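I have placed the structure first, in the form of structure tokens, so that the comments after it can refer back to it.
The values are calculated or read from the model by the stated rules, or taken from the named source; none is laboratory data. Everything quoted here is computed from the prediction, not taken from an experiment. Cβ coordinates were reconstructed from backbone atoms using ideal geometry, including for glycine residues, and neighbour counts include every protein chain displayed. These area figures cover heavy atoms from the full protein model, side chains too; ligands, DNA and RNA do not enter into them. Shrake-Rupley method; radii C 1.70, N 1.55, O 1.52, S 1.80 Å.
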Amino acid sequence: MDLDSLFYPKSIAVIGASNNLGGGKMPYFQIIRANAFAGPIYPVNPKRGELDGLRVYGSIDELPEPVDFAIVAAPVEQSLDIVRAAVRKHIKFIHFFTSGFGETGNRQLEEDMVREARKGHLRIVGPNCIGVHCAESKISFTLIPPLETNGTVAFLGQSGGVTGNFLAMASTRKIPLNKVVSYGNQIDLRLEDYLDYLADDKEIRLIACYVEDIKNPQAFLRTLKRTTVRKPVIILKGGKTETGSKAAASHTGAMASNYTIWAAAVRQHGALLVDDFDQLMHLVMLGTAEKLPRGKRVGFLGAGGGISVLFSDLAIESGLALPELGPRAQQMISEKIMGVNTSTVNPVDLGAFGFDLNVMLHTMKAMDEDDAIDVIIPYFSVEYIMRSEFFLKVKNNADTILEMAKQINKPVVPILSSFVEDDLEAERTRIETFAKLRKAGFPVYTKIQDAVYSIGAYYEWVARHARA
């Protein structure tokens, strides 16, 4: 499926563009202009006039040239005529933000729109969705902040709300997104069409999806299998219960399906299936790591025996292993710590020395040299980082974290905990430390269970593909 003109259009028309932004309208024209889209943008509105210094065309037929991509934010009653006009103007892709289609029982209109689109070469995104985001081409339904990279993650969401939540969480967690599609009722272009395109996109390392229904299960599973051979596909399914299915039907017109059968088929065809939005974000976070886990033998280091015990239980319950460190690694660790209230075995309890990031780095280097360890999990505490200068006369800084990235060859999956919820200074320290760890290329988690879940689920996916 060639979707280049959808993600990288040379020109765009916005039907329904207006300065009147009330009433639930999405200001696509203003957003795309603000994002500095490089090609011409044509506002279309029967009232004509000017918008942001540009001529407003009274209809699609008045446009000076065919455009690659049109975005529609107009009343549902105009949809069929808009499709006919888009066909006459040889538009390639058209996205309908407009709702009031199959999700309200108006399936005949959807069928009529597809029939008219087939009279030309027009493909439809949606309707009833917020549309397309591409970091490189600067098309979006939201403002795109300056990015150091175009990102390696794609997201396909049937819900506009879930898609918006994903973008917000990705921004907070420093996960740069390459491409996003909120695809709604998928009356024409379907989930498998976007998957097929992204499977061949060399910039995309991982695809995350929120799915309510599949229109053509066989086509979807064929495409899913082809895609998962090349890159991970993580899926969160909405409408798993009878009540959830009814909600999905009123949301995007989704048809009910047996979730148990659906889940088995999706796993059999290579996808990673998650139970909730948090799990989806945790696995996406891991997928952005510069070094991914290739084994389940973990080495844990932190300050405190209780945390080590809790980690051990959660890791073993998740199917991970904590092998004892070899004599060389234990000797190396003991060079920097005293023998009181510490342990060098695995999990490694550094006691109060765990407040010092340089001691943490030294311990990680010891684990890096131990052949029994596949993944290193350092446990950082915001409270300990804040108190390190007072207790140990040590001032931690970002350079030590960057050195971790340079000197450690194995995958590193840090946990950054914070148990203070009403201290602005603690929150500032958490945000700054999180940003430093992410800049170093590490996936970062706030809870032990989130880290061990992500490593275990990813390793299980890797092992399953190795057996396939």
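General remarks:
- Of all the listed residues (394, 420), the sole one being modelled with pLDDT under 85, assigned to a loop (DSSP other than H, G, I, E, B) and touching a helix residue (DSSP H, G or I) at 6+ places or on another chain (Cβ under 6 Å) is 394.
- Test result for residue 122, free of Cβ contacts under 8 Å to residues at least 60 places away in the same chain and farther than 21 Å from residue 26 by Cα: yes
- Among the numbered conditions (1) of a type in the set (A, V, I, L, M, F, W, C); (2) modelled with pLDDT under 90; (3) surrounded by fewer than 21 Cβ atoms within 10 Å (Cβ to Cβ); (4) under 29 Å from the mean Cα position of the chain (by Cα), the only one that residue 404 does not meet is (3).
- Checking each residue in the range 194-231 for being crowded, with 22+ Cβ neighbours inside 10 Å and at pLDDT below 95 picks out 212, 213, 214.
- The one condition from (1) in contact with a Leu (Cβ under 9 Å, 6 or more places away or on another chain); (2) under 20 Å from residue 403 (Cα atoms); (3) buried (at least 19 other Cβ atoms within 10 Å of the Cβ) that residue 347 does not meet is (2).
- Condition met for residue 326 (open to solvent by less than 50 Å² (accessible area, probe 1.4 Å), of a type in the set (Gly, Ala, Ser) and over 37 Å from the mean Cα position of the chain (by Cα)): yes
- Of the residues making up the range 87-112, those that are among the charged types (D, E, K, R) and surrounded by fewer than 20 Cβ atoms within 10 Å (Cβ to Cβ) are 88, 89, 107, 111, 112.
- Of all residues making up the range 407-417, the number that are in a strand (DSSP E or B) and open to solvent by 30 Å² or more (accessible area, probe 1.4 Å): 0
- Qualifying residue in the range 289-302 (condition: of a type in the set (A, V, I, L, M), without any contact (Cβ under 8 Å) to a residue 12 or more places away in the chain and over 30 Å from residue 238 (Cβ atoms)): no
Per-residue answers, yes or no, for (1) hydrophobic (A, V, I, L, M, F, W, C); (2) open to solvent by 50 Å² or more (accessible area, probe 1.4 Å); (3) outside any helix (DSSP H, G or I):
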site	(1), (2), (3)
298	yes, no, yes
331	no, yes, no
353	yes, yes, no
370	no, no, yes
373	yes, no, yes
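- Selection count where residues are closer than 21 Å to residue 30 by Cα and modelled with pLDDT of 95 or more, scope the range 67-81: 6
- Test: residue 78 is outside any strand (DSSP E or B), open to solvent by 10 Å² or more (accessible area, probe 1.4 Å), under 28 Å from residue 161 (Cα atoms) and without any contact (Cβ under 8 Å) to a residue 12 or more places away in the chain: yes
- Subset tally (residues that are surrounded by fewer than 18 Cβ atoms within 10 Å (Cβ to Cβ), out of contact with any helix residue (DSSP H, G or I) (no Cβ under 7 Å at 6 or more places or on another chain) and either in a loop (DSSP other than H, G, I, E, B) or charged (D, E, K, R) (or both)) for the range 1-25: 11
- From the list 115, 84, 33, 48, the lone residue that is exposed (fewer than 15 other Cβ atoms within 10 Å of the Cβ) and in a helix (DSSP H, G or I) is 115.
- Number of residues in the range 61-70 that are open to solvent by 10 Å² or more (accessible area, probe 1.4 Å) and either within 20 Å of residue 20 (Cα to Cα) or outside any loop (DSSP other than H, G, I, E, B) (or both): the value is 2.
- Checklist (1) under 22 Å from residue 438 (Cβ atoms); (2) open to solvent by less than 10 Å² (accessible area, probe 1.4 Å) applied to residue 167, failing item: (2)
- Selected residue (criterion: farthest from residue 430 (Cα to Cα)) from residues of the range 134-182 that are part of a loop (DSSP other than H, G, I, E, B) and of a type in the set (Gly, Ala, Ser): 137
- Qualifying residue in the range 453-465 (condition: open to solvent by 20 Å² or more (accessible area, probe 1.4 Å), touching a strand residue (DSSP E or B) at 6+ places or on another chain (Cβ under 8 Å) and within 24 Å of residue 361 (Cα to Cα)): no
- The residue list 144, 175, 130 contains one member that is farther than 20 Å from residue 236 by Cβ and either aliphatic (A, V, I, L, M) or within 14 Å of the chain's Cα centre (by Cα) (or both), which is 144.
- Counted residues, the range 300-310 - those being surrounded by fewer than 17 Cβ atoms within 10 Å (Cβ to Cβ) and of a type in the set (Val, Ile, Thr): 1
- Residue that is farthest from residue 8 (Cα to Cα), among those in the range 170-193 that are surrounded by fewer than 18 Cβ atoms within 10 Å (Cβ to Cβ) and among the basic types (Lys, Arg): 173
- So residue 370, is it touching a residue at least 24 places away in the same chain (Cβ under 8 Å), among the charged types (D, E, K, R), in contact with a strand residue (DSSP E or B) (Cβ under 6 Å, 6 or more places away or on another chain) and farther than 22 Å from residue 227 by Cα: no
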